[in-house]
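Read-outs: derived from the displayed coordinates by stated rules, not from any lab. This structure is a prediction, so every number in the text was calculated from the model and none was measured. Here the Cβ positions follow ideal geometry from the backbone for every residue, glycine too, while neighbour counts run over all protein chains shown.
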Amino acid sequence: MRYLRYWGILSGTLGLLLTASIIAAGAQAWPQRPVTVIVPFTAGGNTDGIARMTGQRLGEAFGKPLIIENRPGAAGALAAEAAAKSQPDGYTLFVAALPVLAVVPAISKVHFDPQKDFAPIGIVRYCRRTYSGDVLNSF
């Protein structure tokens, strides 16, 4: 009986190791080629600067360059549409600002669905705006 229990533990462990090695062998390191980062605003602005600084650091970490592609126009809808129509292979990233995905689709006709066409992968920068009482009273 004791023999069967050890055999069960041993075979279960070997099965786990075999499965893990098969998964590891099938998984490829990402990225295999340069990654394109689409920015919905012109070069030189805040969003572009943040995308370029982040892209430089990520490129160094991954060992592959991140290509920053500025696509201004239509309040960011052109860039969002280009990102939505790109191959869903993980090699095109979109630096989305809240107005591009929330406001623009609400007030105009766009050729992308912010909820279906995009998947968030992280927050690059969060900016909380604060106003003093004097500024608010001046309006």
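Trp30 to Ala43: extension gain in nm, 0.36 nm per residue of separation minus the Cα-Cα distance?
In short, 2.0 nm is gained.
Would you please give the FRET efficiency between Ala61 and Ala106, computed as 1/(1 + (r/R0)^6) with r the Cβ-Cβ distance and R0 = 35 Å, to the nearest 0.05?
Step by step, r from the Cβ atoms, then E = 0.45.
Return Ile123, Ile67, Ile38 ranked ascending by Cβ neighbour count within 10 Å, so the fewest neighbours appear first.
Least crowded to most crowded, the residues run Ile123, Ile67, Ile38.
What's the exposure ranking of Arg52, Arg33, Arg128, going from fewest to most Cβ atoms within 10 Å?
Arg128, Arg33, Arg52
If you plug each phi of region 48-57 into the Karplus form 6.51 cos²θ - 1.76 cosθ + 1.60 with θ = phi - 60°, what whole-Hz ³J(HN,Hα) values come out, in order, with x for Gly and Pro?
5, x, 5, 5, 5, 5, 5, x, 5, 5
How do Leu78, Leu66, Leu98 rank when sorted from fewest to most other Cβ atoms within 10 Å of their own Cβ?
The most exposed by this proxy come first: Leu98, Leu78, Leu66.
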